[in-house]
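Data block below; observations after.
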Amino acid sequence: MAIHGCYTARFPRRLLLKDFMESLLGMTAQPQRLHSAHPSPDSPEPHLVTDEMVLNMGPQHPSTHGILRLILKLDGEVVRDVQAEIGYLHRCKEKIGENLQYNQYTTYSDRMDYLAGMNNNVGHAIAVERLMGNIQVPERAEYIRVIMAELNRIASHLVALGTYGVDIGAVTPFLYAFRDREKILDLFEEVSGARLLYNYVRIGGVVRDLPEGWGDRCRKFLDYLAPRLDEFDTVLSLNPIFIDRTAKVGVLPADVAINYGCTGPMLRGSGVKRDLRKDEPYSVYSRFSFETPVGPGPRGVVGDCLARYWVRIREMRESAKIVRQALDQLPSGPVMAKLPRILRVPPGEVYVRTENPRGELGFYIISDGSPKPYRFKVRSPAYCNLSVIGEISRGALVADMVAILGSIDIVLGEVDR
Amino acid sequence: MNNLKMFWLTVKSLGLGMGVTLRTMLKPAITLQYPDERPQKPKVFRGFLHNDVPRCVACDMCANICPVDCFKIVYTRDEKGRRQLHRFDIDMVKCMFCGLCTEVCPTECLTMTGGFEHATWDRKELVLHFVTPDKPALPVDPALVAAHRAAAAKG
Ligand code: SF4
Ligand code: SF4
């Protein structure tokens, strides 16, 4: 026993083929813990006493999707504590907002969550419109906004799921996800002229109408997407290895999620049915019928990584449903309200929240009547979702850290703003 | 035997996944061999800026809307009160291709072209001069040309 213990202490257990064969044939009922949590010096095997080790994951780490440093406190392979160090991508987005006119800021809202530029555009535009009070956004513009936001939700989830696959060790689905996302970006490029930073939604509407035949191309894409999502399920979502890596890992109970202010798929994965598009419908969302998927996933428990992943997978189908309905109901008419060149915003304050792919994106703007906001604050969903990482990864293995971090689906541009 | 069942499930899903890969492999490739094959750009593509100087009325609107102050516009008024453009520079290093300036331009002389391949060895080459002493916007007096040259030499 002593020899065996010595052996495993030096080599990670799962590298041993012998162990693999043993567990395959069911010879070892339970894999043994390498060492107890805090072996005392006078335990029978004093040579196995270990210290806590501090390990830096990041700032340059491929699975942090940006620049994030996680300070892990390890006891062997068990994570005792995690501290997320953020700020490496801070670009003063809020301060810039206070130094620019309202209509200049749309170009910066893209850059916060660069995977969901349209959603950010929409959130900012709605916030300023509510602050101004008297703006009538044309119906057609509202529908176009919904179409763009939902398409962007699909694109963002495709990136989230594809990169999650890479984090776990499956590279193929990543390429499929990006291939399909490119098709969405093509659609966006046709309307806005850019592939990442769209700057398409403006205060009072959208900048230009849809080009000729865009609706048909969009429908064609949705027809193309449905079988691709099934393919994606075959390759990744229903793969037993993937499910084993994610089920029952990083469990986030609903009460903890609510206490930490988690929103979006993170909260829904924990079984809380909360979706701002349904609960506080903004724009024209109340006119569409769609489901709010919640956890758990096909296996595992409520609130684990698989549940969060599964919520995203199902949300893509729901978004596709919304886009279809919006395309069918799309009214004709102008796409931009008549506005003065320099926006006159009455003094006051407003907080508007919209459902981003990552959760609740809030804009809090105080106006003092001048052309520039007095205070500009953004509540970013990824920031709040990331804050819970210490809670859910305590007691996990180091190898699962990547799975947990990926399931939160952070965009560091938005965490740091 | 639970583990053997798990093993079988894994192998089966591997086969299914490989089936998807195989089907994708048999489809025609969608890769564009970029420098040889050009991507098709939409009409509204937001590339490098271009100013059609004869139509520019030097109204300064583009410079006012630009969130990052890319423009350097110098003009004077002639005796009839018309604006004469002496300098119209756009610093494409700073530009973030948002397109706000092209939307406010009253004469629509400022447009975004489809150009995007403008890598240079020197950042200074990315400052576009649309009005130079050699091709002035309107006939201007020599003193102003000299002043412009002096300013340009200073950077
Ligand atoms: S595209 Fe935007 S950043 Fe570039 S010059 Fe025009 S307004 Fe300025
Ligand atoms: S907005 Fe147009 S017309 Fe006015 S200065 Fe700029 S380029 Fe010239």
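Structure above, values below:
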{"read-out": "Mean residue ellipticity (222 nm) of chain A, computed from DSSP H runs ≥ 4 via -39,500 (n - 2.57), nearest 500", "value": "-14000 deg cm²/dmol"}
{"read-out": "Total charge dipole magnitude, the range A:93-416, about the Cα centre, Cβ charges on Lys, Arg, Asp, Glu only, Debye to nearest 20", "value": "460 debye"}
{"read-out": "Partner aspartates and glutamates for residue B:124 [C-alpha distance under 19 Å; skip if fewer than 8 residues away on the same chain]", "value": "B:69, B:89, B:91, B:134"}
{"read-out": "Cα gyration tensor shape for the range A:112-159, rounded if a/c is under 1.5, else prolate or oblate", "value": "oblate"}
{"read-out": "Loop trypsin sites (Lys or Arg not before Pro), the range A:312-377, which have at most 15 other Cβ atoms in a 10 Å radius of their Cβ (DSSP)", "value": "A:338, A:341, A:344"}
{"read-out": "In Å², nearest 10: area of residue B:37 left accessible to a 1.4 Å probe", "value": "80 Å²"}
{"read-out": "Spatially proximal lysines relative to residue A:73 (Cα-Cα < 30 Å; intrachain offsets below 8 disregarded)", "value": "A:18, A:248"}
{"read-out": "Tilt relative to chain A, helix A:117-132 - C-alpha long axis, 0 to 90 degrees, to 10", "value": "50 degrees"}
{"read-out": "Nonlocal amide H pairs with residue A:69, under 5 Å, H built at 1.01 Å", "value": "A:85"}
{"read-out": "Under the Karplus curve 6.51 cos²θ - 1.76 cosθ + 1.60, θ = phi - 60°, whole-Hz ³J(HN,Hα) for the range A:81-89, x wherever Gly or Pro sits", "value": "7, 10, 10, 9, 9, 10, x, 5, 10"}
{"read-out": "Relative contact order (percent, whole number), chain A, Cα cutoff 8 Å, 6+ residue spacing", "value": "23 percent"}
{"read-out": "Where only C-alpha atoms are counted, convex hull volume of chain A per residue in Å³", "value": "142 Å³"}
{"read-out": "For the range A:154-298: rounded, prolate or oblate by the Cα gyration tensor [a/c cutoff 1.5]", "value": "oblate"}
{"read-out": "Heavy-atom accessible area ranking, 1.4 Å probe, most first, across A:175, B:9", "value": "A:175, B:9"}
{"read-out": "Cα-Cα over 22 Å, subset of A:93/A:183; A:273/A:321; A:183/A:220; A:377/B:72; A:220/B:27", "value": "A:93/A:183; A:377/B:72"}
{"read-out": "Most fluctuating residue given options A:331, A:373, A:265, as computed from a GNM of chain A linking Cα atoms under 10 Å", "value": "A:331"}
{"read-out": "Cut-off under 5 Å, modelled amide H: who pairs with residue A:379 long-range", "value": "A:362, A:363, A:364"}
{"read-out": "Low-density loop cleavage sites - GluC sites (Glu not before Pro) in the range B:78-126, where at most 11 other Cβ are within 10 Å (DSSP)", "value": "B:79, B:108, B:117"}
{"read-out": "Cβ-placed point charges (K, R +1; D, E -1), dipole of the protein assembly as shown about Cα centre in debye, nearest 20", "value": "780 debye"}
{"read-out": "Relative pair counts by distance (%), Cα atoms of the range A:263-411, 10 Å bins", "value": "10, 30, 29, 21, 9, 2"}
{"read-out": "Vicinal HN-Hα couplings computed from phi for the range A:219-227 (Karplus, 6.51 cos²θ - 1.76 cosθ + 1.60; Hz; Gly/Pro x)", "value": "4, 4, 5, 5, 5, 6, 5, 4, x"}
{"read-out": "Whole-Hz ³J(HN,Hα) from phi, Karplus 6.51 cos²θ - 1.76 cosθ + 1.60, for the range A:282-287, glycine and proline x", "value": "9, 6, 10, 5, 5, 8"}
{"read-out": "Euclidean distance of C-alpha centroids, the range A:103-117 and the range A:130-206, integer Å", "value": "12 Å"}
{"read-out": "Calculated FRET value between residue B:127 and residue B:64, using beta carbons and R₀ = 22 Å, to 0.05", "value": "0.65"}
{"read-out": "Placed amide H near residue A:81: partners under 5 Å, 5+ positions off or other chain", "value": "A:73"}
{"read-out": "Shape of the range A:148-193, Cα gyration tensor, a/c cut at 1.5", "value": "prolate"}
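The values are calculated or read from the model by the stated rules, or taken from the named source; none is laboratory data. Everything quoted here is computed from the prediction, not taken from an experiment. Don't worry about glycine lacking a Cβ; one is built from the backbone with ideal geometry, like all the others, and counts go over all protein chains shown. In case anyone asks, the SASA skips ligands and DNA or RNA and just uses the protein heavy atoms, side chains included. Shrake-Rupley method; radii C 1.70, N 1.55, O 1.52, S 1.80 Å.
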